[in-house]
Amino acid sequence: MSVLVFVECADGKVKKSALEAAFYGHQVATQLGTSAVAVAIGEVAADELKNLGQYGITKVLHDTETRLKDYVSQAYVKVVAAAVEKENATVIVLSNTNIGSGIGARLAARLQASFATNVVALPELAGNSLKVKKSVFSGKAFADEVLTAPTKIIAVKKNAIEVNTVGTHEAEVESFTASLTDADFTGAPRETIRATGDVLLTEADVVVSGGRGMRGPENWHLIEDLAKALGAATACSKPVADVGWRPHHEHVGQTGITISPNLYIAVGISGAIQHLAGVNSSKVIVVINKDPEAPFFKAADYGIVGDIFEVVPKLIEAAKALEK
Ligand code: FAD
């Protein structure tokens, strides 16, 4: 018996959210008196995988089949299912990303497993069941869910788990191949379009986001300059993307991307409930708005009541001074 962690990778690297899943998997394995093994798919540098040892992973099964270079749901699920079988895993841990939760749902159907999403804490053992705490209603409440099926799948919410290293040893990396057919690749993407910007929004530690208060795309250099000075990704509210000031892949919220950076700076955004749904699990929220009654201030850790066009240039200057 072991705990299996699906380790999500991008651009040859293990994603930050995957390190959280790895450490969580290690802790669950310790609770169960077993070990945590990981499965990684596609091109990833060997050192990145060996480094997972520092987060408590003993071994990494690595499937490098060339057709798996880009994410293909059916094929990835088959590889993870084969790894579950090989390791006789009863608990599978993955990140609650689009890819992780997609794999989790298909895997649950395939293995008749219990599946909990948005998990925010270590499980409590209750006989053969696991009780997990999960975030629900766009982060407005928590719920306990009891996973009773023999196989249990846990998708860990990003930024909810504190990650520590557990030593300096390297994980053993083992080549792994699942038998895949052409039918497993019918959903393969025809083309992958990379998001623009230096920092990937979903992985960013710091995000600077603009709303309708920016008045127009001609003022976006303020958001970009502040983001650049802070090493941050840029984002926007929905109406900003709807009118074409910014591309849709930057739109955060209920109908856009959900993010959990360490720092979210909202510039000229009112803080409607649908916007908050995508950003309220950020560790620290800073709001800049000229209206002291703007609802976003209620969710903010720090608020600046002031005009964007006065406040943001000063912040850029201060951030640049810190860089030096
Ligand atoms: P506004 O509400 O117009 O706010 C602009 C803010 O800028 C104001 O608070 C104003 O005081 C401030 N401001 C103006 N000028 C300045 C200045 N010079 N200096 C400082 N502050 C200034 N929205 C999302 O963002 N994401 C979603 O995913 C999303 N999904 C939705 C789904 C549904 C079903 C619905 C109905 C709506 C959704 N919305 C979503 C829209 C949401 O309800 C709000 O309308 C939207 O978030 C408002 O965007 P905003 O804050 O940029 O604009």
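Here are a few things to note about the model shown:
- Of the residues A46, A75, the single one that is out of contact with any Gly (no Cβ under 7 Å at 6 or more places or on another chain) and surrounded by fewer than 23 Cβ atoms within 10 Å (Cβ to Cβ) is A46.
- Count - residues of segment 228-263 that are over 14 Å from R212 (Cβ atoms) and more than 11 Å from the ligand (Cβ to nearest atom): 14
- Pairs linking a residue in segment 98-112 that is buried (at least 16 other Cβ atoms within 10 Å of the Cβ) to a residue that is aromatic (F, W, Y) and at pLDDT below 95, with Cβ atoms under 6 Å and 6 or more positions apart or on different chains, are I99/Y71.
- The C-beta contact set for segment 244-258 (first residue assigned to a loop (DSSP other than H, G, I, E, B), second residue crowded, with 22+ Cβ neighbours inside 10 Å and of a type in the set (A, V, I, L, M), distance under 6 angstrom, 6+ apart or interchain) comprises R246/V240.
- Matching entry among L107, L125, L61, L130 (being part of a strand (DSSP E or B) and within 26 Å of L180 (Cα to Cα)): L61
- Of the criteria (1) exposed (fewer than 14 other Cβ atoms within 10 Å of the Cβ); (2) among the acidic types (D, E); (3) not in a loop (DSSP other than H, G, I, E, B), which one E162 fails: (3)
- Total residues in segment 1-39, condition outside any helix (DSSP H, G or I), under 15 Å from A89 (Cβ atoms) and modelled with pLDDT of 95 or more: 12
- Within the option set A266, A277, A272, being modelled with pLDDT under 95, within 12 Å of the ligand (Cβ to nearest atom) and under 30 Å from S135 (Cα atoms) holds for one residue only, A277.
- Against the list (1) modelled with pLDDT of 95 or more; (2) surrounded by fewer than 16 Cβ atoms within 10 Å (Cβ to Cβ); (3) assigned to a loop (DSSP other than H, G, I, E, B); (4) not hydroxyl-bearing (S, T, Y), the condition A178 fails is (2).
- Checking V243 against (1) exposed (fewer than 12 other Cβ atoms within 10 Å of the Cβ); (2) outside the structural domain of V267 (by the TED database); (3) aliphatic (A, V, I, L, M), the condition it does not meet: (2)
- Residue match in segment 141-150 (condition: assigned by the TED database to the domain that holds N98, among the aromatic types (F, W, Y) and part of a loop (DSSP other than H, G, I, E, B)): no
- Applying the criterion of being touching a Gly at 6+ places or on another chain (Cβ under 6 Å) and among the polar types (S, T, N, Q) to the residues of segment 269-324, the residue that is surrounded by the most Cβ atoms within 10 Å (Cβ to Cβ) is S281.
- Subset of segment 281-293 [within 12 Å of the ligand (Cβ to nearest atom) and in contact (Cβ under 8 Å) with a residue 60 or more places away in the chain]: N289, K290
- The residue of segment 128-159 that is surrounded by the most Cβ atoms within 10 Å (Cβ to Cβ), among those that are under 22 Å from V84 (Cβ atoms) and of a type in the set (G, A, S), is A155.
The values are calculated or read from the model by the stated rules, or taken from the named source; none is laboratory data. Worth saying up front: this structure is predicted, and the values here are computed from it rather than measured. No Cβ is skipped: glycine too gets one built from the backbone with ideal geometry, and neighbour counts run over all protein chains shown.
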